[in-house]
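Some notes on the structure that comes next.
The values are calculated or read from the model by the stated rules, or taken from the named source; none is laboratory data. These numbers were taken from a predicted model, which means no experiment stands behind them. Please note: Cβ atoms are built from the backbone with ideal geometry, for glycine as well, and neighbour counts cover all protein chains shown. Protein only, heavy atoms only, side chains kept; ligands, DNA and RNA dropped before computing areas. Shrake-Rupley method; radii C 1.70, N 1.55, O 1.52, S 1.80 Å.
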Amino acid sequence: MANRLYVAGAAPRSGKSAVSLGFMELFSAYGERVGFFRPIVATANDSVIALMAERYRLPGPLSAYYGCLAKEAHALSAAGGNDEVIKIVLEKFKALETQFDLIICEGSDFDRATPGLEFDFNVELANHLDCMIVAVLNGKERGAADIAEDVQAIVASLAERHCQIFAIVVNRVDEAVRGATVTTLAGRASAEPPVYLLAERPILDMPTVGEVATALGAAHIGGSSDGLSREVLHFKVAAMELPHFLDHVEHGSLIITPGDRADIIVGSLLADASAHYPQIAGLLLTGGLQPAPQILKLIDGLARSGVPLLSVAGDTFTTATAVNGIESRLGPGNPRKIAAALGLLEGQMDRQALAGRFTLAAANHVTPLRFEYELIQRAKQVRKHIVLPEGNEERILKAAEILLLRDVVDITLLGNPEEIRRSIAQLGLRLDKARVIDPCNSELRQRYAAALHAERRLKGVTAQMAWDMVEDVSYFGTMMVLCGDADGMVSGALHTTQHTIRPAFQVIRARPGASLISSVFLMSLPDQVVVYGDCAVNPEPSAEQLAEIAITSAATAARFGIEPRVAMLSYSTGESGVGPAVERVREAVRIAHQRAPQLMLEGPIQYDAAVDAAVARTKLPGSEVAGRATVFIFPDLNTGNNTYKAVQRSSGAVAIGPILQGLNKPVNDLSRGCTVTDIVNTVAITAIQAQQEVAGTRN
């Protein structure tokens, strides 16, 4: 059976792009070459194709991933039916088949006068392209009996047309009817395709302020650019006096008003900042009118409020009419919607059963996309609670929202609650499910101070000193982990490595059998993921310590799906060099072979011989590691730290870590230059480590 999948909406606003994204994410983890295609698009810069091309690194121009533009398709259809359109689509689709193992095809949008004809056209295309079909239904405001009837009707209709049905997805199902719908559908024949019921998530349906700006061609004239990611829940036209208007403001309102209404503009900004009024999404100023210079100066001083100001040339009535037709679309510039879509599908679709319906060759090495996908899936298997001490940091907050939207972990943020909530509002985020704790005023402080005093009293720490120490977010977070109130901690976006890990060294300490605590970076290179150690903790490890770092790092690699082939790095390869530094590595190799004889390990070896097969054949012919290394052990911290940063900056690699090895409970550090993606991945790794702690397989 051909590995081709056609995702078709059975009605307008079905949410098929979110389903397509979920399948792209799923199958990209199983095969190295997964492509995306849309037969007809409205514009050459289709946002969904742009998202797929960026996220899944599709080669070539965006034009390779669609058949033709909607205006061209309509002209051809009007002149001679659909045959010419189908020929063009087939030609473009066939050109992709040689490049990919599997292609996800997303059907056209409902821009025709008769929705039924649009679905018929997509079904016809699916058959011509020899695709299995995923029909996406809209379950909004439908009862259990209605949804079951819709499913049966669509299955019967597709079967009559001899379609290969892969699955039926019903979007926006009310949680109140979901259980009854499952029961109603349970009596279907076992041979019928699987049906997946996806709950409604408003964040996927509501346009952002930025999407409104793009749709209207509006200029962003003031306020924070971060505010462009706020969802617009309501459109409010401000035509009355300010006191009366304020009574009508709702959370998430985009306020539409002429640009010379200084009272509404200033009053709306004050309402957003006030604890007595709901947070607004933004201001849309009409008529091409700019606020007076004094008002613009005032707005500029309030830029940190996060409220974006947009300006359009059209009048208020025309603008208010236009905004009602704006739909939210997935695109590369909105990681929040991407996370929400993936979280929805990952939580409610059986990925193993779906993947099993295709014959896909698993990648023979761990690709970055596959690695990050598996991290998230493994972290979700047993939900853990992670504390983030830097609760007011922008990247931390954005990462926390993504983790919660994808249902990966439970989150506690440390810091001043009022400041954290203000930052969340300024960034336009939703973090209602995150717990916020102020270490200074928490009822847990006394308990943690007593536990810290008990752990450190022999080191001279008095009860008062312990009380003062747990006010620090790093100590407070570490004590949460020690006392079992959190399963792991991730910090370091603002704090130094020492500030982050010192408390863990003092109270969590090394696990039994570990003589030292070390670290690794998981380096997500363009075509594979490898392990670098130790790049953060031990400045001048001895031969014995190097051997332990090598063995522990190999175990970490294996734990995360990377086959360990260990290269003990030095300035010399094999027996060619002499000197104290190379002799220390040579001794470390001997010790490591003695302690772990089954481990594939080579050294001393230079980096080029470790990664380049041609160099390896010259310097170490016959080695099972040379040219194929996946775990790189550096001789000292100076070499390791500089190398990982050089590789990261020069190749665009994502450096996840440092991941600490050997602790009793997981505490992990971040680089102060970390990205939101780095934080998400590190939290997922910490959750997986916590799962292994419970299972008794500590790293």
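Checking the structure you have, find out if any residue of segment 584-598 is at pLDDT below 90 and in contact with a Pro (Cβ under 8 Å, 6 or more places away or on another chain). No, segment 584-598 contains no residue that is at pLDDT below 90 and in contact with a Pro (Cβ under 8 Å, 6 or more places away or on another chain).
Reported count of residues in segment 471-519, each being part of a loop (DSSP other than H, G, I, E, B) and among the β-branched types (Val, Ile, Thr), is 2.
When the residues of segment 8-46 are filtered to those that are of a type in the set (Phe, Trp, Tyr) and within 20 Å of Leu125 (Cα to Cα), the one that is nearest to the chain's Cα centre (by Cα) is Phe23. Please determine whether any residue of segment 419-430 is aliphatic (A, V, I, L, M), open to solvent by less than 30 Å² (accessible area, probe 1.4 Å) and touching an Asp or Glu at 6+ places or on another chain (Cβ under 6 Å). Yes, the conditions are met somewhere in segment 419-430. Candidates Ala547, Ala555: the one that is out of contact with any strand residue (DSSP E or B) (no Cβ under 7 Å at 6 or more places or on another chain) and either surrounded by fewer than 24 Cβ atoms within 10 Å (Cβ to Cβ) or among the β-branched types (Val, Ile, Thr) (or both) is Ala555.
Restricted to segment 47-92, and to residues that are of a type in the set (Ser, Thr, Tyr) and within 32 Å of the chain's Cα centre (by Cα), which residue is farthest from Thr214 (Cα to Cα)? Looking at residues that are of a type in the set (Ser, Thr, Tyr) and within 32 Å of the chain's Cα centre (by Cα), I get Tyr56. Selection of segment 649-692 for residues being within 15 Å of Arg511 (Cα to Cα), part of a helix (DSSP H, G or I) and of a type outside the set (S, T, N, Q) yields only Ala690. Of the residues making up segment 121-128, not a single one is assigned to a helix (DSSP H, G or I), of a type in the set (S, T, N, Q) and over 30 Å from Ala78 (Cα atoms). The condition of being open to solvent by less than 10 Å² (accessible area, probe 1.4 Å) and either of a type in the set (Gly, Ala, Ser) or within 17 Å of Val531 (Cβ to Cβ) (or both) holds for only one of Gly627, Gly652, Gly662, that being Gly662.
Take the conditions without any contact (Cβ under 8 Å) to a residue 60 or more places away in the chain, closer than 15 Å to Phe476 by Cβ and touching a helix residue (DSSP H, G or I) at 6+ places or on another chain (Cβ under 8 Å) and apply them to Arg456. Does it pass? It is true that Arg456 is without any contact (Cβ under 8 Å) to a residue 60 or more places away in the chain, closer than 15 Å to Phe476 by Cβ and touching a helix residue (DSSP H, G or I) at 6+ places or on another chain (Cβ under 8 Å).
Of the residues making up segment 202-216, those that are open to solvent by less than 50 Å² (accessible area, probe 1.4 Å) and either under 20 Å from Ser14 (Cβ atoms) or in a strand (DSSP E or B) (or both) are Ile203, Leu204, Asp205, Pro207, Thr208, Glu211. Identify all residues within segment 158-181 that are more than 33 Å from the chain's Cα centre (by Cα) and either under 14 Å from Arg142 (Cβ atoms) or open to solvent by less than 30 Å² (accessible area, probe 1.4 Å) (or both); write none if there are none. Those that are more than 33 Å from the chain's Cα centre (by Cα) and either under 14 Å from Arg142 (Cβ atoms) or open to solvent by less than 30 Å² (accessible area, probe 1.4 Å) (or both): Leu158, Cys163.
In this structure, does Ala44 turn out to be farther than 24 Å from Leu369 by Cα and of a type in the set (A, V, I, L, M, F, W, C)? Against the criterion (farther than 24 Å from Leu369 by Cα and of a type in the set (A, V, I, L, M, F, W, C)), Ala44 qualifies.
Per-residue answers, yes or no, for (1) touching a helix residue (DSSP H, G or I) at 6+ places or on another chain (Cβ under 9 Å); (2) acidic (Asp, Glu):
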residue	(1), (2)
Gly9	yes, no
Arg13	yes, no
Ala29	yes, no
Thr43	yes, no
Asp46	yes, yes
Leu51	yes, no
Glu54	no, yes
Ala64	yes, no
Cys68	yes, no
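For segment 189-201, give me each residue that is open to solvent by 50 Å² or more (accessible area, probe 1.4 Å) and free of Cβ contacts under 8 Å to residues at least 60 places away in the same chain. Listed by number, the residues that qualify are Ala189, Ser190, Ala191, Glu192. The residues on offer are Glu587, Glu575, Glu563, Glu583, and the sole one that is over 22 Å from Pro368 (Cβ atoms) and either touching a residue at least 12 places away in the same chain (Cβ under 8 Å) or buried (at least 17 other Cβ atoms within 10 Å of the Cβ) (or both) is Glu587.
The condition of being outside any helix (DSSP H, G or I), touching a residue at least 24 places away in the same chain (Cβ under 8 Å), small (Gly, Ala, Ser) and in contact with a Phe, Trp or Tyr (Cβ under 9 Å, 6 or more places away or on another chain) does not hold for Gly603.
Annotation: of all residues in segment 426-470 being within 30 Å of Ala340 (Cβ to Cβ) and in a helix (DSSP H, G or I), the one that is modelled with the lowest pLDDT is Gln426. Set side by side, the residues Ile633, Ile688 differ, and just one is modelled with pLDDT of 90 or more and either under 19 Å from the mean Cα position of the chain (by Cα) or of a type in the set (Phe, Trp, Tyr) (or both), which is Ile688. Answer yes or no as to whether Ala95 is within 31 Å of the chain's Cα centre (by Cα), in a helix (DSSP H, G or I) and aliphatic (A, V, I, L, M). When the stated conditions are applied, Ala95 passes them. Restricted to segment 1-92, the set of helices (runs of 4 or more DSSP H) holding at least 1 residues that are at pLDDT 90 or above and surrounded by fewer than 20 Cβ atoms within 10 Å (Cβ to Cβ) comprises 47-55. For segment 440-472, a residue qualifies if it is among the hydrophobic types (A, V, I, L, M, F, W, C) and open to solvent by 30 Å² or more (accessible area, probe 1.4 Å), and the qualifying residues are Cys440, Ala450, Ala454, Leu458, Ala463, Met465, Trp467, Met469.
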